[in-house]
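Readers should treat all values here as calculations from the given coordinates under stated rules, not as data from a laboratory. Model, not experiment: these values are computed from the prediction. Please note: Cβ atoms are built from the backbone with ideal geometry, for glycine as well, and neighbour counts cover all protein chains shown.
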Amino acid sequence: MRQLAIAALSTLMACGTTTSGSSLSGGGEAGAAPEEIVCPEGHEVMVVPAVRESGGCVATNQQEDFSVCVDSTPEQFALACLEREADNARFWFSYPRLRVAPPVGYVDCNTIYPPPSCEFDACADSGGFLTEHPFSVCGKDKTVEGFDCGGPNSVYDASCCVRRFCDEAPCAAGFTCRSVPLLSKWAGPFTDGEETSDCLVYEDTEFGPTNVELCFPDKQGEWP
């Protein structure tokens, strides 16, 4: 069951599926002016909100303006990452409803899975899940809200860590194994030139959820 859930989520995030967006407004303002860039022929510069990857996590509480190159080709909602070749700095942002090309001096990070936010503590091993944290480069409060961390039917506990799987191993004492829907969902700062949000949550609407079996506390309490 867990392998099927992982495969389904990977397929949904990698393919051009239909998505819907919900904006979680508020938060900090963009930082310093973006650097000047050179775009490939047929592209133009667009400034988007982004966050930096640093030390194996994403500084989600420090959004900044980031220049990217876009053409006129429509693109699905998704997270993107570009790496600056001069210093290997990585920047995470959302596609601005248009296809993005790396500016001169940048390369694609070749991953659609962001590392965890620097605002969260490290998660314990959930028992083999694809990642232990939400696919989010939003700030902590917006991630908790957007992914319902700690909710009674959420796959994430109050710390936004994936609850422990129980399809192959029993739950600890005080926890019960339940089947809940796993939605294809990810989130990040966004602009398309008209709409702007420090956290836009994307949820797949084409294939529907995949059920997974996870451990939930019998009573409200700390994650073991």
Dipole moment magnitude, nearest 20 debye, region 23-108 about Cα centre, only Lys, Arg, Asp, Glu C-beta charged: 300
Region 23-108 shape via C-alpha gyration tensor axes, a/c threshold 1.5: oblate
Quick note on His133, His43, ordering by fewest other C-beta atoms within 10 Å, gives His43, His133
For region 147-211, what percent of Cα pairs sit more than 15 Å apart? 64
